[in-house]
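Asker: Following this message is one structure expressed as C-alpha cells.
Read-outs: derived from the displayed coordinates by stated rules, not from any lab. Keep in mind the model is a prediction, meaning the values are calculated, not measured. Neighbour counts run over all protein chains shown; Cβ positions are idealised from the backbone, glycine included.
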C-alpha cells in the first residue's frame, strides 16, 4: 500500500499543539488536499487584493476537507465545521491548519494517538533522519508488520 497517493475518501488525524498565551490546541480529522486543489487555492489567493477574500478562499477550501474538529462554543457544544468558523480562527491556527491539510506541513504529535493513528510527526522526523521519504518509511513498516502477522 502506497502512502504517498491520496485515495478518494482517505482521512487522516491531525493536531495543532497549543502555544502558551497565544492559542489553544486543536485536534481534527481531514481529507488531504490534492496537489491541483492546493495550486488552485494558492493561485486564487494570489489574485485577490482583499485580505478578507483571501482568508475566505482558504476557509472554504478547508471546510471542504475538515471532517471533524475539537472546536467548541462557550457552553462546550461542538462547533460545526464551516467556512464561517474556520475564517474566525486565530491566524496562527488557520495558517497551520491550511498547511497541514494542504500537505505543506506535518501535524504535531497526536495526543493519546491510537495505534492506527500512529504519530505521523514522529514517524516523519525518523524517516527524514534516515534520509527516506515518510511514505517509504511507512511502506517498510507495513511490510515488516505483514511478515510478522
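Asker: Expected output is a single nm value to one decimal: the length gained when fully extending between residue 5 and residue 49, i.e. 0.36 nm times separation in residues minus the C-alpha distance. What is it? Mind dumping the intermediate values first?
Answerer: Working: separation 44, 0.36 × 44 = 15.84 nm, distance 3.41 nm.
Stretched fully, the residue 5-residue 49 segment lengthens by 12.4 nm.
Asker: So for 45, 57, fewest C-beta neighbours within 10 Å to most, what's the order? It would help to have the intermediate numbers written out before the result.
Answerer: On the way: 45 17, 57 20.
The most exposed by this proxy come first: 45, 57.
Asker: For the range 12-111, what's the relative contact order in percent, using C-alpha pairs closer than 8 Å and at least 6 residues apart?
Answerer: On the way: 129 pairs, mean separation 36.1, N = 100.
Worked out over the range 12-111, it gives 36 percent.
Asker: Evaluate E = 1/(1 + (r/R0)^6) for residue 34 and residue 85, where r is the Cβ-Cβ distance and R0 equals 22 Å; express this FRET efficiency to the nearest 0.05. Walk me through the numbers on the way to the answer.
Answerer: On the way: r = 24 Å, r/R0 = 1.08.
It comes out at approximately 0.40.
Asker: Which three extents, in angstrom, do the Cα atoms of the range 1-122 have along their principal axes, listed largest first?
Answerer: 44, 40, 24
Asker: I want to check the label-to-label distance for residue 74 and residue 22. Put each point 7 Å from Cα in the C-beta direction and report it in nm to one decimal.
Answerer: Each label point lies 7 Å from its Cα, and together they span 2.7 nm.
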